[in-house]
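Participant: Next up is a structure, given as structure tokens.
The values are calculated or read from the model by the stated rules, or taken from the named source; none is laboratory data. What you are looking at is a predicted structure, and each value in this text was computed from that prediction instead of being measured. Reconstructed Cβ throughout: ideal geometry from the backbone, glycine too, with neighbour counts over all protein chains shown.
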Amino acid sequence: MFGICPNCGKYSEDKEVTPDGAFLICPFCNYRQKFLRMPLLVITGASGTGKSSAYKELLYSDKKPNAIMLEGDLLWRKGFADAEGGIPEYRNVWLLVCSHISQNKLPVALFLSISPGEFEKCPNRKYFSEIHYLALVCRNEELKDRLYKRELWRFPEERDRQIQIHLDWNQSFLNDFYKKQYSVDVLDNSDIPVQDTILKISGWINSKIKR
Ligand SMILES: [Zn+2]
């Protein structure tokens, strides 16, 4: 939809967005194509911090926010992991999909494990006004317990190393590492039930949309 110019019919993935976010400009004929630049909401966090559970609970609850919720694994295919540059491409594809969905005048809330800063490197970042992150975190001892209780590790011999990566990442959110540069809020759910977590996530999404 964004690629083909309605005026000259040429295809380009390299259209600029006007500063007001209301148009895409064709690089061939300068035609201004109507566009809606919306914010993107990202619910991130290490494995074991409850993103998937919260997503599933919130999706079928009456506490849903005013956004389209999507789970970040949805578009994942093995080819992204195998190809060189596949993971940045995966992120870029997500931005394209979310920007198309946002044309319905509803922002997207994406539940995806991603470090703040990765989307910002993608070409399709330009389709969004702001990207706000909510990181689900819990105390590292609690997270360690949860991760060691998981039985299905894809590579059991790498379990300890993988768990340490997630603990370090969780700690970086607890230390507000990303907050210096990006719009990041942190939700510690160490001691709160999932029903409270989803209320807080929903409230956070709605608060970011209102701005
Ligand atoms: Zn054109």
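Participant: Filter the range 172-188 down to the residues that are in a helix (DSSP H, G or I) and in contact (Cβ under 8 Å) with a residue 24 or more places away in the chain and list them by number.
Facilitator: 173, 174, 178
Participant: Does residue 130 meet the test of being modelled with pLDDT of 95 or more, farther than 25 Å from residue 190 by Cα and in a strand (DSSP E or B)?
Facilitator: Against the criterion (modelled with pLDDT of 95 or more, farther than 25 Å from residue 190 by Cα and in a strand (DSSP E or B)), residue 130 qualifies.
Participant: List the residue pairs whose Cβ atoms are under 7 Å apart, where the first residue sits in the range 6-20 and is more than 14 Å from residue 127 (Cβ to Cβ) and more than 9 Å from the ligand (Cβ to nearest atom), the second is part of a loop (DSSP other than H, G, I, E, B) and at pLDDT below 95, and the two are 6 or more positions apart or on different chains.
Facilitator: Going by the 7 Å Cβ cut-off, the qualifying pairs are 11/3.
Participant: Looking at this structure, is residue 185 surrounded by 12 or more Cβ atoms within 10 Å (Cβ to Cβ) and closer than 20 Å to residue 39 by Cα?
Facilitator: Yes.
Participant: Just checking, does the range 199-208 include any residue being of a type in the set (Val, Ile, Thr) and either at pLDDT below 95 or outside the structural domain of residue 94 (by TED's automatic domain parsing) (or both)?
Facilitator: no
Participant: Do you know which residues across the range 21-32 are under 18 Å from residue 95 (Cβ atoms) and within 12 Å of the ligand (Cβ to nearest atom)?
Facilitator: Correct list: 24 only.
Participant: Just to be sure before I move on: is residue 60 crowded, with 18+ Cβ neighbours inside 10 Å and within 30 Å of residue 200 (Cβ to Cβ) in the structure I sent?
Facilitator: No, not satisfied.
Participant: So, one more: Quick check, is residue 191 part of a loop (DSSP other than H, G, I, E, B) and exposed (fewer than 12 other Cβ atoms within 10 Å of the Cβ)?
Facilitator: Here the answer is yes, as residue 191 does meet what is asked.
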